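**Q** Right, I'll just put the structure down here and ask away after.
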Amino acid sequence: MSAKPFLRIDNIRKRFGPIIASDGVTLEIDEGEIHALLGENGAGKSVLMSMICGMVRPDEGEIVYRGQSVRFNSPREAIRQRIGMVHQHFMLVPNLTVAENYILGQGSALKVINDMDKVHAKIRELSDHYALDVRPDALIEDLSVGEQQRVEILKVLFHGIDLLILDEPTAVLTPQETDRLLALMGELVKDGKTVVFISHKLDEVMRVSNRISVMRDGRVVHTVNVAETDARALARMMVGRDVGMELPRSPAAPGRIVLSVENLTCRSETGLPAVRGVSLDVRAGEIVGIAGVSGNGQTELSLALSGLLPVDAGRVVLNGTDITGLEPARINASGFSHIPEDRHKHGIVLSLSLSENTILQRYDQPPFAARGMLNRRAIGEHTRDLIKRFRVKSRDEDQRIGDLSGGNQQKLVVARELARNPDFILVNQLARGIDIGAMEFVMEEMLKQRDSGRAILLISTELEELFAICDRILVMCHGEILGELPPDRSRLDELGLLMAGKTADHLEQPALAG
Amino acid sequence: MEQVNQGVRENVYPQAAQALYRTLSQAAISAVTPIAAVLVALAFGAALLWLNGFNGTDVVTVMIFGSFQDARSVAEILLKATPLILIGAGLCVAFRCSIWNIGAEGQLYVGAIAATFVGTSIDGLSVWVHAPLVMLAGALAGAAWAGIAGYLKVRFQASEIVTTIMLNYIAIILTSYLVTGPMKDASAAYPQSARLVREAWTPRIVSDMRLHIGILVAVVLAVALYIFLQRSSRGFALRVVGLNPHAARYAGMDVRRNVMIAICISGALAGLAGAFEVAGVTHRLYQNISPGYGFEGIAVALLASNNPLAAIISGGLFATLRSGSEVLQITSQVPQVLVLVIQGMVILSVVAFAKFRDILRIAA
């Protein structure tokens, strides 16, 4: 495009203690483009963007914006220069309305309150223009994650920006919401704005961006035009080697039924019907997948199976023993492992060490405890062993688990759950928020577990994950299992229709459904 | 296996050295910030006194060192430190489990009531039996009183902050009722209970000083609670429940049971503090048996970052400030409120410095 780039990042360096987050990054963004920043977890994408929008200050290097060297001390200074960022973790006050969130910290409260009607009008106008469906008087806590994200994007637009930075915007979205967001990016560019978007999902990046920069180990290793590359090449650039989601695997040899679920019914934590009569069997030596758009009862199904949510009706039988409604401690002790969906809520205790996290369920059992006291040597040895076997990148077993990247945290959770020697493994979102290297590793580990005769139930919203390792895929919608398909990519359309709630009957009689 | 073992052995020394270095530097950071907080608070206090026309540095010096005149005055400091260490260490356990027990004051009072009952209604036991029995009664009563709030929390999700404060009022008023009514010493003009029988008294360390073996019990219990929290399975579960109750439930821990255990431990130590006040110091139950030890114990735990070992030191510090303020009242015209202001500043700067410490930790 033009000779002078819109934004130029020149040899930026940033260290956090011993960790080098940016190791001399150089990057150019052109005006009016969608520029994707692709990279594994911990490659330094978020930190780089935080430096552009004034959240973090670089140690060295220069940021040149519209031909001028700039240095922002706060996000507000960046906004004043028309640069805005939407973070992965939303920065909204839950018990305020949309409009109230927008005017937070905007000069004199009295003046702003007088102008509240204008604020509402402006929000409505922007919302209509981009079809965002944001109501200025809606309370944040009443909104879904997807809605909150639109509120965040509109907030930045409300303050008036030319450069929009989105940090992993699709991580929390359903496929439909993702489509909507990608379309919105196109709209923004049409209005003359520039979008930088951070992701590690290849397909999305390929769909919307003009150019893609790949980051690895704190540097930009490649910048390419989308037209001149493909997903495989990008993946190779990301990890520095070839990856295919085709994992080598032998055909499954299903054995006896390990877990049998009959007519399971339960409600969500808010008391709404969530799982409506689900029945399924998982046999030894097979991986059964459950596909579905998030929010269709998968969370409640996994919580009910593991004893964290009361069961209203139905039965869960593990190894011939009825475990319905037992306390989690009893279920954990009967050969049941659970890799939870929400790692930070259920899976780990962020401020405890890796060692302490590996004994979460077995803290009072030998060899980790004797006569009521923890055996720190045994715990340390066990943890070191897991760290080594699962290649968890960490300083040592005494490091706080919260200091690790998401992928390494997940590896430790997987390691812990497998080390408990289970007969049945419940997995909800195996690879959420983790990088390709770690994803491939945990998937291969699951296949190994399958081959050694364990029964695995994998609940996921990522179809690639399901296709890659499952032996059969069940589809869940509105709390029911609507059908079963083989893991065959050629039947993707059928799968998509089932996920949308259209069963075979509907397919045969489209006139009735319409 | 062989190879793995060898690999581990080769790395043991540098790893151990690194771990030691980290432990020491973390410990230094942990120790430096509360000390800095106290110094900053004292400096502010001196400035405040100066603004009020006093010689600030002199007054602060008296406040800290004024009470260290002789063995007897040191013994008096330790006497005051006893309930503060007990309550502070006990609260560390509750706070680590994220139980905000504000009711140590009330738990101290019921402990004192129970100790008085056991110490006055039984006679003819040996001191080896009676004195420990009094302590046990105090601890059990305190644990039971705290247990009420614990039960209301696990059964009805009632906020323990509210219920423990309410139970404080009940315990204090109950004490007033008892010493003016049912437990009143009929021969005395003032509202006070009968004197505890001599065998029920907490033995003194030196016969002509008031200091009793309670201080030793307090230190031993604080160390024991530290080991309990850091090294025992139950202590681990308490900490996990406090840090992330969802993960605790996922891991199969009984959240309610751990909550009950944590609040009852803190109540037991407060009740024991109450028993020592009666059996070790006053030998009778009075209306105002505690000058607010239960509330000051919260500050002791806070300054100790909820570490029972550190509560020994912070309890000693608050006892020193308390003694110093008494010396000040006798030797100068500094109003006691100013002393309270300085104590308040210590708490405020501890909170401010705790934030600062977190930042340092991340940087380290």
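**Q** What's the number of the condition B:GLY106 fails, among (1) in contact (Cβ under 8 Å) with a residue 40 or more places away in the chain; (2) open to solvent by 10 Å² or more (accessible area, probe 1.4 Å); (3) at negative phi; (4) of a type in the set (Gly, Ala, Ser)?
**A** (2)
**Q** Conditions: (1) more than 24 Å from B:VAL197 (Cα to Cα); (2) in a helix (DSSP H, G or I); (3) not assigned by TED's automatic domain parsing to the domain that holds B:GLN343. B:LEU79 meets all but one. Number of the miss?
**A** Just one mismatch for B:LEU79, condition (1).
**Q** Go through the stretch A:346-382 and report how many residues are among the hydroxyl-bearing types (Ser, Thr, Tyr), within 18 Å of A:ARG420 (Cα to Cα) and at the interface with another protein chain (Cβ under 7 Å from one of its Cβ atoms).
**A** 1
**Q** Looking at the stretch A:387-410, I want the residues that are in a helix (DSSP H, G or I) and have a partner that is open to solvent by 30 Å² or more (accessible area, probe 1.4 Å) and among the hydroxyl-bearing types (Ser, Thr, Tyr) with Cβ atoms under 7 Å, at least 6 apart or on another chain. Which pairs are those?
**A** As it stands, the answer is A:ILE387/A:SER394; A:GLY402/A:SER351; A:ASN408/A:SER394, since those pairs meet every condition given.
**Q** Let me ask something else. Residues that are more than 18 Å from A:ILE198 (Cβ to Cβ) and aliphatic (A, V, I, L, M): which strands (runs of 3 or more DSSP E) entirely in the stretch A:12-79 hold 2 or more of them?
**A** Output list reads A:19-29.
Yes/no matrix, rows are residues, columns are (1) assigned by TED's automatic domain parsing to the domain that holds A:VAL134; (2) modelled with pLDDT under 90; (3) within 30 Å of A:ASN296 (Cα to Cα):
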{"residue": "A:ILE165", "(1), (2), (3)": "yes, no, no"}
{"residue": "A:GLN176", "(1), (2), (3)": "yes, yes, yes"}
{"residue": "A:LEU202", "(1), (2), (3)": "yes, yes, yes"}
{"residue": "A:VAL214", "(1), (2), (3)": "yes, yes, no"}
{"residue": "A:GLY218", "(1), (2), (3)": "yes, yes, no"}
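**Q** So B:GLY292 fits all but one of (1) open to solvent by less than 20 Å² (accessible area, probe 1.4 Å); (2) within 23 Å of A:HIS346 (Cβ to Cβ); what number is the exception?
**A** Against the list (1) open to solvent by less than 20 Å² (accessible area, probe 1.4 Å); (2) within 23 Å of A:HIS346 (Cβ to Cβ), B:GLY292 comes up short only on (2).
**Q** Scanning the stretch A:427-458 for residues that are under 17 Å from A:ARG283 (Cβ atoms) and of a type in the set (Val, Ile, Thr), which turns out nearest to the chain's Cα centre (by Cα)?
**A** So the residue we want is A:VAL427.
**Q** Turning to a different aspect of this structure: Can you tell me how many residues in the stretch B:227-237 are in contact with a strand residue (DSSP E or B) (Cβ under 9 Å, 6 or more places away or on another chain) and open to solvent by less than 20 Å² (accessible area, probe 1.4 Å)?
**A** Number satisfying all stated conditions: 4.
**Q** Among the numbered conditions (1) in a helix (DSSP H, G or I); (2) within 31 Å of the chain's Cα centre (by Cα); (3) of a type in the set (Asp, Glu), tell me where A:GLU341 comes up short.
**A** That leaves (1) as the condition not met.
**Q** Go over the candidates A:GLU269, A:GLU262 one by one and state the one that is open to solvent by 40 Å² or more (accessible area, probe 1.4 Å) and part of a strand (DSSP E or B).
**A** Result of the check over A:GLU269, A:GLU262: A:GLU262.
**Q** If I ask for residues that are out of contact with any strand residue (DSSP E or B) (no Cβ under 7 Å at 6 or more places or on another chain) and under 18 Å from A:ASN296 (Cβ atoms), which ones from the stretch A:442-477 would you list?
**A** A:THR461, A:GLU462, A:GLU465, A:CYS477, listed by residue number.
**Q** Considering only the stretch B:272-289, state which residues are open to solvent by 10 Å² or more (accessible area, probe 1.4 Å) and within 13 Å of B:ALA137 (Cβ to Cβ).
**A** B:LEU272
**Q** How many of the residues making up the stretch A:291-319 are buried (at least 21 other Cβ atoms within 10 Å of the Cβ), part of a loop (DSSP other than H, G, I, E, B) and touching a residue at least 60 places away in the same chain (Cβ under 8 Å)?
**A** Residues that pass the stated criteria total 4.
**Q** Another question, if that's okay. Hey, among the residues in the stretch A:320-341 that are out of contact with any Gly (no Cβ under 6 Å at 6 or more places or on another chain), open to solvent by 10 Å² or more (accessible area, probe 1.4 Å) and more than 8 Å from chain B (Cβ to nearest Cβ), which one's farthest from A:LEU360 (Cα to Cα)?
**A** A:GLY320
**Q** If you don't mind, there's one more thing I want to ask. Restricting attention to the stretch A:343-393, report how many residues are more than 19 Å from A:ALA329 (Cα to Cα), buried (at least 21 other Cβ atoms within 10 Å of the Cβ) and among the hydroxyl-bearing types (Ser, Thr, Tyr).
**A** 2
**Q** Then there is this: For the structure I just gave you, tell me whether B:ARG257 is within 14 Å of chain A (Cβ to nearest Cβ) and either in a helix (DSSP H, G or I) or crowded, with 22+ Cβ neighbours inside 10 Å (or both).
**A** Taking the combined requirement at face value, the residue satisfies it.
**Q** Which one of B:VAL219, B:VAL179, B:VAL197, B:VAL241 is in contact with a Pro (Cβ under 7 Å, 6 or more places away or on another chain) and of a type outside the set (D, E, K, R)? Write out each step before concluding.
**A** On the way: B:VAL219 fails: in contact with a Pro (Cβ under 7 Å, 6 or more places away or on another chain); B:VAL197 fails: in contact with a Pro (Cβ under 7 Å, 6 or more places away or on another chain); B:VAL241 fails: in contact with a Pro (Cβ under 7 Å, 6 or more places away or on another chain).
Being in contact with a Pro (Cβ under 7 Å, 6 or more places away or on another chain) and of a type outside the set (D, E, K, R) holds for just one of B:VAL219, B:VAL179, B:VAL197, B:VAL241, which is B:VAL179.
**Q** Given the conditions (1) surrounded by fewer than 17 Cβ atoms within 10 Å (Cβ to Cβ); (2) within 14 Å of another protein chain (Cβ to nearest Cβ); (3) over 24 Å from the mean Cα position of the chain (by Cα), and given that B:ALA189 satisfies all but one, which numbered condition is not satisfied?
**A** Result: B:ALA189 fails condition (2) only.
**Q** Among B:VAL162, B:VAL134, which is the only one that is of a type outside the set (D, E, K, R), in a helix (DSSP H, G or I) and under 18 Å from B:VAL281 (Cα atoms)?
**A** B:VAL134
**Q** Further question on the same structure: Cβ-Cβ below 7 Å, separation at least six or inter-chain, first residue in the stretch B:338-349 and more than 17 Å from B:ALA36 (Cβ to Cβ), second assigned to a helix (DSSP H, G or I) and among the hydroxyl-bearing types (Ser, Thr, Tyr): which pairs?
**A** Partner pairs satisfying both residue conditions: B:VAL339/B:SER325.
**Q** So, one more: From A:ASP137, A:ASP117, A:ASP142, A:ASP59, grab the single residue that is among the acidic types (Asp, Glu), closer than 27 Å to A:ALA21 by Cβ and open to solvent by 70 Å² or more (accessible area, probe 1.4 Å).
**A** Exactly one residue qualifies, and that residue is A:ASP59.
**Q** While we're here: For A:SER144, all conditions in the list (1) closer than 14 Å to A:GLN88 by Cβ; (2) out of contact with any strand residue (DSSP E or B) (no Cβ under 7 Å at 6 or more places or on another chain) hold save one; what is the number of the exception?
**A** Condition not satisfied by A:SER144: (1).
**Q** Can you tell me which residue in the stretch A:207-223 is nearest to A:THR178 (Cα to Cα), limited to those that are in contact with a Leu (Cβ under 8 Å, 6 or more places away or on another chain) and not basic (Lys, Arg)?
**A** Out of the qualifying residues, it is A:VAL208.
**Q** Does B:GLY292 fit the bill of being small (Gly, Ala, Ser), at positive phi and either more than 14 Å from every other protein chain (Cβ to nearest Cβ) or out of contact with any Lys or Arg (no Cβ under 9 Å at 6 or more places or on another chain) (or both)?
**A** Values: small (Gly, Ala, Ser): yes; at positive phi: yes; either more than 14 Å from every other protein chain (Cβ to nearest Cβ) or out of contact with any Lys or Arg (no Cβ under 9 Å at 6 or more places or on another chain) (or both): yes.
Criteria met by B:GLY292.
**Q** Then there is this: Pairs under 6 Å by beta carbon, first residue of a type in the set (A, V, I, L, M, F, W, C) in the stretch B:244-270, partner open to solvent by 40 Å² or more (accessible area, probe 1.4 Å), six or more apart or different chains?
**A** B:VAL255/B:PRO245; B:VAL255/B:ARG249
The values are calculated or read from the model by the stated rules, or taken from the named source; none is laboratory data. Quick caveat, the model's predicted, so the values are computed rather than measured. Ideal geometry is used to build each Cβ from the backbone, glycine not excepted, and the neighbour counts take in all protein chains shown. The area values use the complete protein model at the heavy-atom level, side chains included, leaving out ligands, DNA and RNA. Shrake-Rupley method; radii C 1.70, N 1.55, O 1.52, S 1.80 Å.
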